[in-house]
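Nothing in this text is a laboratory measurement; each read-out follows from the coordinates by a stated rule. These numbers come from a predicted model, not from an experiment. Positions of Cβ are backbone-derived with ideal geometry, glycine not excepted, and every protein chain shown enters the neighbour counts.
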Amino acid sequence: MEPAGKPELPPVKVNEVSEGEPWNVTVTGGRLVDAELPGIRLQTEGNRWVVVLVTVEVTAPESRNDVRETIDISGVEGLVEDPNLRRLNPQYIIALRDGEAVGYLQPSMPENLAFFWEQESTAPVPTEMTVTINKKTYRVDTLSNHMHWLDLEPRAELTVPIEDRRGK
């Protein structure tokens with residue numbers, strides 16, 4: 001018997017909505033940008049930002065503060081990781097409408113966001129990345145016996161070209 005492999009995720013395209021719970025997600029692009037942006041700071045001078053542009057619409061009936069979990073990226077070398085976290089989280093999530101950091105998102109109000117991951121200056125310049133769109137399940141938490149959004153897992157996947165916008 002051969003070991004079971006990872007199930008293949010349904011593909012989605014750039015600018016195509018991945019519908020589900022507790023959020024709908026549309027990846028609209030990828031960028032590589034310089035460090036000189038207001039309100040955000042690199043951990044190491046000389047590094048750069050890998051950015052994913054996303055529209056997120058909360059489909060759950062309540063406000064959500066777990067926007068960091070909507071997407072993951074892979075296929076980019078040299079991303080700066082926090083050793084205290086289980087996932088490779090973005091360092092910043094910024095609302096494009098006002099340039100402010102995002103905390104909570106409200107139901108049925110799509111928000112255009114930029115997710116920022118720091119990349120080491122010595123890493124190869126990426127031309128594309130894999131973006132995984134995640135989902136959660138609304139179920140009873142066996143510890144608290146209350147309903148919660150749990151079981152973060154991949155829902156869909158796409159390859160996103162990275163536009164090099166450094167110096168622009």
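Under 15 Å of direct C-alpha separation, and excluding same-chain neighbours fewer than eight residues apart, K136 reaches these aspartates and glutamates: E19, E21, E57, E62, D66, E69, D72, D151, E153. Compactness check for the chain: Cα Rg over 2.2 N^0.38 Å is 1.07. Among rounded, prolate and oblate, which fits segment 1-90 when a ≥ b ≥ c are the square roots of the eigenvalues of its C-alpha gyration tensor, a/c under 1.5 means rounded, and a/b larger than b/c means prolate? Oblate, because a/c is 1.5 or more while a/b does not exceed b/c. When you restrict to C-alpha pairs under 8 Å that are six or more residues apart and normalise by the size of segment 25-142, the relative contact order lands at 34 percent. Protection proxy ranking of 80-92, 125-137, by the mean of other Cβ atoms within 10 Å over each peptide's residues and highest first, is 125-137, 80-92. Rg over Rh for segment 49-93 works out to 0.99, using Cα positions for both radii and the Kirkwood form for Rh. Taking a straight line from the alpha carbon of K13, these aspartates and glutamates sit under 15 Å away, with near neighbours fewer than eight places off in the same chain left out: E128, E157.
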